[in-house]
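The values are calculated or read from the model by the stated rules, or taken from the named source; none is laboratory data. Predicted model, so just to flag it, every value in this text is computed and none were measured. So basically every Cβ, Gly included, is an ideal-geometry build from the backbone, and we count neighbours across all protein chains shown.
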Amino acid sequence: MIEKIFTPDAPSPGGHYSQAIKQGDLIFISGQLPIVPSTGAKILGGIEEQTLQVLNNLLAIAKAGGSNRDHIIKVTVYIADIGLWSTVNEVYTNFFQAHKPARAIVPVSTLHYGFLVEMDAVASVAD
């Protein structure tokens, strides 16, 4: 059975999609942008702040689906300037610590609202 996941602790979807879909023990998290869930404010400042907000949004959705940080399996990172990659990777490393999800980095020319980073993820339900 497919279950839609929604939490007010992450930004509400701005289009025809769910924050995440849960199928069995897997949670497929839609692309997250650096938007503050409580206010809807768009973080357009530095890449560190944008990256951390995106990661926090992903984690909030994973938790709403019954997962946690250590059960995030795969992350796709979309980055508008590959020159920012080392900073994104540093924030990402600090966020996940010893846990190392599978990952792909996709350079893109632009992201919605002029954001610098977006991420989607796959997680498994925590034991």
### Message
Restricting to the stretch 58-69, name every residue that is in a helix (DSSP H, G or I) and surrounded by fewer than 24 Cβ atoms within 10 Å (Cβ to Cβ).
### Response
L59, A60, K63, A64, R69
### Subset of the stretch 58-78 [more than 14 Å from V125 (Cβ to Cβ) and touching a residue at least 60 places away in the same chain (Cβ under 8 Å)]
L58
### Query
Quick one: what pairs do we get from the stretch 23-37, first residue in a strand (DSSP E or B), second aromatic (F, W, Y), C-beta under 7 Å, 6+ apart or different chains?
S30/Y17
### Query
Are any of the residues in the stretch 73-82 surrounded by 14 or more Cβ atoms within 10 Å (Cβ to Cβ), among the small types (G, A, S) and within 30 Å of M1 (Cβ to Cβ)?
no
### Message
Return the residues of the stretch 39-57 that are touching a residue at least 24 places away in the same chain (Cβ under 8 Å) and either hydroxyl-bearing (S, T, Y) or assigned to a strand (DSSP E or B) (or both); say none if nothing qualifies.
### Response
K42, T51
### Message
Any residue that is out of contact with any Pro (no Cβ under 7 Å at 6 or more places or on another chain), at negative phi and among the hydroxyl-bearing types (S, T, Y) - is there at least one of those in the stretch 112-124?
### Response
yes
### Message
If the requirement is being within 22 Å of I21 (Cβ to Cβ), modelled with pLDDT of 95 or more, surrounded by fewer than 17 Cβ atoms within 10 Å (Cβ to Cβ) and not basic (K, R), which of these qualifies: A98, A126, A121, A104?
### Response
A104
